[in-house]
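A.B. asks: Once you've had a glance at the structure underneath, I'll fire off some questions.
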């Protein structure tokens, strides 16, 4: 706290000392008694005891203004309506209110937002990677996903709904619905929001999803753009597994290129396919696909035929599904395998089983 050692210096003496080259500063003179009240949209009336408010420096010896003066003057001249900032700035609000009062100006509306915390309860720091917008862009989060996520850090619309477009957020946002509790920055929650936006794009704006995936897919699976209608069907079917478009090629590649059955994942999956004659069942699947007419090659018809086949050959239906997934995708996880069969189509399914049998 400043001890006001120069507060009683008369103006003529002060000017003379300045002219003589002595260093000086200009400070705000805080009232010696009472309190200063700041109206905050989120916190209501916040009172500061003037005894604990320092006579802040406004102009330094070189005539350069400090933040406290510059911010108040700038906000006033720019006709700023709201000052929205973190709650760590709340202690400065009393000083700023006194400066506004000294100028005879009405202050903007103050809104001091709650702190952002990590999932472990520690304060989010600038030194942590996920405090920067660059982090989210590099990871592959969509702008609309990040905006949706950040909007819910300390705010809610008053309903259970959590997924909003930018315009919907603009329409719904109300400062009165902010809360004072610290908000948790949970990346897993953001991933969930991203997936919801992907589903939304699949329903309402598939063209945007295609464009977001284009850089990755053009580099890894250029053939996928030969049939745009087919690509959109693939993305729609795989929507549950899409998260970052930089990984989209890994999710959709087997629809366009034959799977690599020598990969570590495929090899591990093959080891689980035991307890029955693998080659014989592969031949039976090939015969089944060959027998179904092209225009009847649907998941429902394939399912019915497979149930009859597994019953006849005494193979668990679950094992049959895993067998198909291995032969057609080389991957353990993915969309419903019968939906994959239908979308791959008769000829691709036949070719992949022929290739599998030939490799034995």
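The values are calculated or read from the model by the stated rules, or taken from the named source; none is laboratory data. Everything quoted here is computed from the prediction, not taken from an experiment. No Cβ is skipped: glycine too gets one built from the backbone with ideal geometry, and neighbour counts run over all protein chains shown.
A.B. asks: Being at negative phi, at pLDDT below 95 and part of a loop (DSSP other than H, G, I, E, B) is the filter here; which residues of region 100-149 pass it?
C.D. replies: Answer for region 100-149, where residues must be at negative phi, at pLDDT below 95 and part of a loop (DSSP other than H, G, I, E, B): 114, 115, 118, 119, 120, 122, 124, 125, 126, 127, 128, 132.
A.B. asks: For residues that are touching a residue at least 24 places away in the same chain (Cβ under 8 Å) and over 37 Å from the mean Cα position of the chain (by Cα), scanning just region 60-100, find the one that is surrounded by the fewest Cβ atoms within 10 Å (Cβ to Cβ).
C.D. replies: Of everything passing the filter in region 60-100, 61 is surrounded by the fewest Cβ atoms within 10 Å (Cβ to Cβ).
A.B. asks: Residues to consider are 305, 284; find the one that is more than 17 Å from residue 354 (Cα to Cα) and at pLDDT 95 or above.
C.D. replies: Result of the check over 305, 284: 305.
A.B. asks: Another one. Quickly run through region 195-211 and pick out the residues that are in a helix (DSSP H, G or I) and surrounded by fewer than 18 Cβ atoms within 10 Å (Cβ to Cβ).
C.D. replies: Matches in region 195-211: 195, 196, 199, 200, 203, 204, 206, 207, 208, 211.
A.B. asks: So, one more: Which one is nearest to residue 232 (Cα to Cα), of the residues in region 301-356 that are outside any helix (DSSP H, G or I) and within 35 Å of the chain's Cα centre (by Cα)?
C.D. replies: So the residue we want is 335.
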